[in-house]
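Reading through the structure tokens given below for one structure.
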Amino acid sequence: MRHMNKILALCAFLVVSLFIWSFIPTSGVPIIAYHRVNDDHEIYSVSPTEFDGQMRYLAERGYTAVSLAELINAREGKGNLPDKPIVITFDDGYADNLLNALPILEKYRLKATVFIISSSVGQETYLTWDQIRELQARQTEIGSHTASHAALSELELQGRESEVRTSKGVLEQQLGTPVEFLAYPFGKYDAAMPDILQQAGYRGACTGVTGLNFIATNQYLLKRVNVPQPKYDLWEFRARLLRAHLYAKFGM
Ligand SMILES: [Zn+2]
């Protein structure tokens with residue numbers, strides 16, 4: 001019986017230790033993935049009120065938003081990251097990123113990265129070239145989300161190269177600055193993509209895989225924290241950040 005008590009005490013000690021360990025912060029950097037900020041009540045629409053609450057939470061928790069260029073520069077020894085860095089990204093390039101999200105980001109001194117589908121620019125609900133230039137002038141980093149929002153892993157090599165090179169070329173020509181990062185449409189990629197992107201001149205890419213990013217994370221397979229329309233207010237946002245942290249803790 002005394003033996004049994006010792007085993008139970010040891011088990012309890014291990015469970016409590018694991019619990020405490022799982023909440024110790026890591027050096028992993030979260031990259032948040034948004035799409036739209038509006039009142040559409042669609043799966044990928046976060047309302048401006050919810051978005052304001054989420055950005056206020058990040059600012060109050062001491063996060064500093066950095067660009068993907070700053071994140072990758074630091075990995076390559078070309079700069080340092082602030083304490084509690086975070087990257088805030090938007091996929092697809094909707095006009096509401098400028099009209100609704102940017103004023104809130106600026107209110108909390110946060111900045112973001114917007115991934116543009118080059119063939120969608122100027123179409124209804126999407127950003128125009130002038131609006132993308134305005135985003136850029138107001139601290140937003142611009143990346144590629146391919147030319148036509150194709151699922152890259154479902155294309156042959158030539159099609160993949162065309163998607164990533166065409167979008168990069170068009171964006172750079174219109175904006176006059178290097179475009180070095182890409183987000184995979186539908187989060188779809190395979191083992192061939194890092195080489196294809198590197199040869200096309202990209203320095204990194206974001207997947208839809210949940211987790212945080214460490215020095216050891218392949219920079220062409222960066223993990224993100226996806227934030228669709230929340231069902232449970234700020235708690236859900238906090239839970240999504242915590243889930244990414246726990247995945248990182250347990251090496252997932
Ligand atoms: Zn997309």
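Here is how the numbers come out for the structure above:
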| read-out | value |
| --- | --- |
| Under DSSP loop assignment and at most 14 Cβ neighbours within 10 Å, longest trypsin sites (Lys or Arg not before Pro)-free interval of the chain | 139-230 |
| Stokes-Einstein D for the chain, Kirkwood Rh over Cα pairs, 20 °C, 1.002 mPa s (µm²/s) | 112 µm²/s |
| Low-density loop cleavage sites - GluC sites (Glu not before Pro) in segment 116-196, where at most 12 other Cβ are within 10 Å (DSSP) | Glu124, Glu156 |
| Computed accessible area, Tyr44, all protein chains, 1.4 angstrom probe, square angstrom | 100 Å² |
| Fraction of accessible area attributable to carbon and sulfur, segment 27-249 (%, probe 1.4 Å) | 48 percent |
| 1.4 Å probe accessible area per residue over the chain, in Å² | 51 Å² |
| Lysine pairs with alpha-carbon atoms under 18 Å apart, the chain, spacing 8 or more or separate chains | 5 |
| Relative frequency of Cα-Cα separations exceeding 15 Å in segment 79-149, percent | 51 percent |
| For Ile117, net neighbour charge (Lys/Arg +1, Asp/Glu -1) across residues whose Cβ lies under 12 Å away | -3 |
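The values are calculated or read from the model by the stated rules, or taken from the named source; none is laboratory data. Everything numeric in this text was worked out from a predicted model, so none of it was measured. Neighbour counts are summed over all protein chains in view; Cβ atoms, including those assigned to glycine, are modelled from backbone coordinates with ideal geometry. For accessibility, only protein heavy atoms count, side chains too; no ligands or nucleic acids. Shrake-Rupley method; radii C 1.70, N 1.55, O 1.52, S 1.80 Å.
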